[in-house]
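Structure first, commentary second.
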Amino acid sequence: MEKIVVSGTITVKVGDVVCRAELFDDAAPATAAALRAALPISDRTIQTRWSGNAWRTETAYTLQAENAQAENVPERLDAGDIIFYASHASGSGELGVAYGEAQWLAPFRQPVDVCKVGRIVEGVDEFVAACNRIIFDGPLDVEITGES
């Protein structure tokens, strides 16, 4: 298993659940730095349609340079994995978080390269329980802030 170096934490609040997450500054240095610079983020969750147990932000964010290749591309996602999906050539896209097994897919179930920028390391069980209700109860408010 490869060692991923982290530097610093962020706080992810979904609904009433507050989690601590680490950013992957070595595996995704440009995207992690851009995410940190974009904080604080206040948004809403949108259940992914094709990607499994994951949600994305409602708002688009620019965290990569135009036409940049995704850093630290995972094949699959597990609960707590935080990703950035650049939805077009401009580098603008959505943040996403898995709350179970997921794989980022485009329409017609085609895999899409995303950047695995971090992971939730504290509060994962509570996060999963809250997010499992999004598909039934609708979007939750999400706040992402700097080091706590």
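Here's the yes/no breakdown for (1) hydroxyl-bearing (Ser, Thr, Tyr); (2) over 22 Å from VAL128 (Cα atoms); (3) at pLDDT 95 or above; (4) crowded, with 20+ Cβ neighbours inside 10 Å:
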| residue | (1), (2), (3), (4) |
| --- | --- |
| SER51 | yes, no, no, yes |
| THR59 | yes, no, no, no |
| GLN64 | no, yes, no, yes |
| GLN69 | no, yes, no, no |
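Once the range 20-54 is narrowed to residues that are in contact with a Ser or Thr (Cβ under 9 Å, 6 or more places away or on another chain) and of a type in the set (Lys, Arg), the residue that is nearest to LEU77 (Cα to Cα) is ARG20. One residue stands out in the range 6-49 among those that are hydroxyl-bearing (Ser, Thr, Tyr) and over 22 Å from ASP141 (Cβ atoms): the one that is surrounded by the most Cβ atoms within 10 Å (Cβ to Cβ), namely THR31. Among the residues in the range 72-87, are any outside any helix (DSSP H, G or I), under 23 Å from ARG133 (Cα atoms), touching a helix residue (DSSP H, G or I) at 6+ places or on another chain (Cβ under 7 Å) and of a type in the set (A, V, I, L, M)? Yes, the range 72-87 contains at least one residue that is outside any helix (DSSP H, G or I), under 23 Å from ARG133 (Cα atoms), touching a helix residue (DSSP H, G or I) at 6+ places or on another chain (Cβ under 7 Å) and of a type in the set (A, V, I, L, M). Restricting GLU66, GLU58, GLU94 to those that are of a type outside the set (Lys, Arg), within 13 Å of the chain's Cα centre (by Cα) and more than 16 Å from GLY118 (Cα to Cα) reduces the list to GLU58.
Quick one: in the range 122-148, of everything that is in a strand (DSSP E or B) and either under 13 Å from the mean Cα position of the chain (by Cα) or basic (Lys, Arg) (or both), which residue is farthest from ASP16 (Cα to Cα)?
Of the residues in the range 122-148, the ones in a strand (DSSP E or B) are 122, 141-145.
Next, only the ones that are either under 13 Å from the mean Cα position of the chain (by Cα) or basic (Lys, Arg) (or both) stay: 142-144.
Working: VAL142: 9, GLU143: 10, ILE144: 13 Å.
For the range 122-148, the residue satisfying everything is ILE144.
The values are calculated or read from the model by the stated rules, or taken from the named source; none is laboratory data. All figures in this text were calculated on a predicted structure; none of them were measured in a lab. All Cβ positions, even for glycine, are placed from backbone atoms using ideal geometry, and neighbour counts span all protein chains on display.
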